[in-house]
Amino acid sequence: MMNSIIHYITNSIIILPMIRNYIKTAYRSLLKNKGFTILNVLGLSVGLATCLLIVFYVADELSYDKFNTKAGRIYRMTIDAKLNGNAGVYATSEAPWKNIIQTSFPQVEKVARLIDKDGLFMSPQKFYIKKNNGDILEKKIVFTESSLFDVFTLPMIDGSPSHALDDPNTAVITESTAKKYFNKVDVVGQTLTINDTTTYKITGVIKDIPTQSHFNYDFFLSYSSRPESKATNWGYAGLHNYLLLKPGTDVKKLESAFTKIDIKSSYNPSTWTTGDNHLLIKLTALSDIHLRDTAGQYELDKGGNIQFVYIFSLVAIFILLIACVNFMNLSTARSSNRAKEVGVRKVLGSARKYLVAQFLTESVLVTLTSAIIAVFLAWALLPLFNQMADKRLSITPHTFTWLLPALVVIVLVVGFLAGSYPALYLSAFQPIEVLKGKIAKGFKAGFLRSFLVVFQFSISIFLIIGTLVIYNQLNFIHNKNLGFDRNQVLVIKNSNVLGKEAKILKNNLKTLPGVLNATMSSYQPTGDEDLKTGLFPHRKIDIKEDILTEFWSVDDDYINTMGLKLTNGRNFSKDMSSDTAAMIVNEAFVRKLGQKDPLNKDIYRYSYGLQQYHIVGVVKDFNFASLKDNIGPLAMVYDTDNGAISVKLHSANLTALMSQIEGQWKKLSPNQPFTYSFMDQDFDATYRVEQRFGTMFISFSSLAIVIACLGLFGLAAYAAEQRNKEIGIRKVLGANISTIVGMLSMDFIKLVLISILIASPLAWFAMNKWLQGFAYRVDFHWYLLAIAGATAIFIAFVTISFQSIKAAMGNPVDSLRSE
């Protein structure tokens, strides 16, 4: 035991001074070469800061719904259906499932049901909550049941969750909502008045739901308050059914058991004997909803995209690798300056392992300094990054519990990875050759360095191509002719609070100078809502003939205000009483109907009884939904008192006109807020996810290219050092500056050309894959590859030229003096 202690103390006495000496020597060496040290630290700091920001983003995306203590056992029922060619995956399922599950599936512990205010087969509803003398429009409202608090972790700070939402007209609100309306949290027993007609009693207050949740509501109203809660028939599929499974439940077996429930006969038995029609229940894990959900319709909230997580994770890895490559290049670029140092150390008896340790110490020291700077840089850039990514990320004390260990690992890994090649390369110099001036075989023999240049610029060219394609697609979306005019269309959001006076407001607005037209409708074609229903060509309902279509209520000014084009028939007319049952459809609806002349054709809809319409007109197809989807069927019916008011403007003084419009609003409703938006902005907001992705991709790509140029700068410096005497001889023999610059640049340009050949097919494949997510997209033209290649060559040449010109303008006497 004593021998072990003595051995340990002896080793410590020897090792600690040695480590201290390594650090001191490394510090002096780095300080002596300030230029290269600054470039190393700059490249690594920017690379590490970028990686940290991406790590924050990825960690946030992957953390969704993880706050639920039972998250691993929570699943949502999802419908995968195909009926008469109408295929889709839906985040909702039907009402009777709860009773069936509770009576027939003991492996399910609890069932929680939610129905959003814009639930399937319901008209979009707006909720105004009374506060003092005014009303506040609230959007984060959902109808649900008390079992919600058994399934999800939503801690209640006032009230009891057990039966909080059992009774009709009861409500649970969040902590911030309680403070907003009552300036306190203990508000159980208080009431909320909604839309001036219904009073809800508050039975509970919960903590604010974390941002990382696939639903985030402020008001949870009792589902028993809705007429839909009485529905027991199959066919109403507007509910989000969540199941809390018992531990150890086999999810696949449970899915198979659901398929044995006979619900198909509730629709029409013959439907399931033709073609590949199907109706399947799938279980989607709670942890998959935000990023991996396959449901295309009726989500509670717009989720993320796992592809973005993968892409940005790869970008982070690439940037970190490029930064490490820069370190290698810049370190080897200093080889001639340090060669004699290595030679002298070896002559004096320094073993190679000590030289390796010395260079690795320098590498780790640079990486540690860069990591510290990177943390502060990431912290400073976080507000800008949050704005760009639409996040609310922050560095908290809790962040450091994982950030500090991660940084230690990064410093060691990056330090050893980036420093290993320079350390092994420099420590391998033979002292005799070094002291004679024979250092290395020159740049052309450096296969690894050539490979690293190709690697860096392959990534850079890939990112340049991706940036061009993404920019073109987003620009295409912004400028595409959609088939209607969305420019200078003002949408008055809360016109329904005016009741019957909304029509008066619309007519008053039409008289204002600068207002071309105005319309009232249940829908604005901005691509952010779905109002689908099933229509049938015969009075006898047969689901095999179902036309799943958008179904809008509009007035007789809608077509002219939106600039739609009638290709057949006529517009609605307020002078024709029969138009209360009239319908105007688009060309896609006519194709689905399968009739060349649809005018006066009767169409039927079942909604709380059979409704009959007749087609009076056909409009040219226009993009009313996302450009990710093909134009689907659309049916518009006549209603002069429904929905928001859209106003077509044409004025040189828009500010004055807006004041006049608000003045007309105040005359009719002085206590109600005047809320509005512009249709083109609402349309662009539909593609906010893609726009954020494009902005982030372009920003990170630019950083990666800048960091890659630092590496190229290092290699250009290395090449110039290695060929210093050759340049001197060529100048003595009469070579001019342009010849020498061309000679030094050509080796690098060849490598960039190889990078173009490698990156182009990879980028073509990846970007075509991304573009396939859009039904309407730009073509991938060959000239994009040419532009990207030319840009890379230009960037490379400009980067190289600085060192090449510097070397070419040097005095040959200085380089040949040692000869």
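The values are calculated or read from the model by the stated rules, or taken from the named source; none is laboratory data. The structure displayed is predicted, hence computed values, not measured ones. All Cβ positions, glycine included, derive from the backbone under ideal geometry; neighbour counts span all protein chains shown. Each accessible area value is taken on the protein alone, full model and side chains, heavy atoms only, with ligands, DNA and RNA left out. Shrake-Rupley method; radii C 1.70, N 1.55, O 1.52, S 1.80 Å.
A few points about this structure:
- Matching helices (runs of 4 or more DSSP H) fully within region 694-811 where at least 3 residues are at pLDDT 80 or above, more than 27 Å from VAL58 (Cα to Cα) and open to solvent by 30 Å² or more (accessible area, probe 1.4 Å): 737-771, 782-808
- So LYS230, is it at pLDDT 90 or above and basic (Lys, Arg): no
- Inter-residue pairs, beta-carbon under 9 Å, first within 21 Å of GLY304 (Cβ to Cβ) and in region 388-399, second part of a loop (DSSP other than H, G, I, E, B) and modelled with pLDDT of 80 or more, 6+ apart: LYS391/THR211; ARG392/THR211
- Entry remark, region 480-503: residues being under 20 Å from GLY134 (Cβ atoms) and open to solvent by less than 50 Å² (accessible area, probe 1.4 Å) number 7 in total.
- For first residues located in region 649-673 and farther than 23 Å from ASP135 by Cβ, partners that are not in a loop (DSSP other than H, G, I, E, B) and lie 6+ apart or on another chain with Cβ distances below 6 Å form the pairs LEU649/LEU490; HIS650/LEU516; SER651/LEU657.
- Within region 758-787, being over 30 Å from LEU452 (Cβ atoms) and free of Cβ contacts under 8 Å to residues at least 40 places away in the same chain holds for GLN772, ASP779, HIS781.
- Within the set THR144, THR170, THR174, the sole residue that is crowded, with 18+ Cβ neighbours inside 10 Å, under 17 Å from HIS214 (Cβ atoms), among the hydroxyl-bearing types (Ser, Thr, Tyr) and touching a Phe, Trp or Tyr at 6+ places or on another chain (Cβ under 7 Å) turns out to be THR144.
- Test result for GLY415, at pLDDT 80 or above, surrounded by 21 or more Cβ atoms within 10 Å (Cβ to Cβ) and within 30 Å of ILE754 (Cα to Cα): no
- Contact annotation: residue pairs with Cβ atoms under 6 Å, 6 or more positions apart or on different chains, pairing a residue in region 472-499 that is touching a residue at least 40 places away in the same chain (Cβ under 8 Å) and within 20 Å of HIS650 (Cα to Cα) with a partner that is of a type in the set (Asp, Glu) and open to solvent by less than 60 Å² (accessible area, probe 1.4 Å), are ARG486/ASP680; ASN487/ASP680.
- Any hit, region 424-441, residues being within 29 Å of GLU690 (Cβ to Cβ), at pLDDT below 80 and surrounded by 15 or more Cβ atoms within 10 Å (Cβ to Cβ): no
- Evaluation of THR695 against the conditions (1) closer than 25 Å to SER553 by Cα; (2) touching a residue at least 60 places away in the same chain (Cβ under 8 Å) shows that the sole unmet condition is (1).
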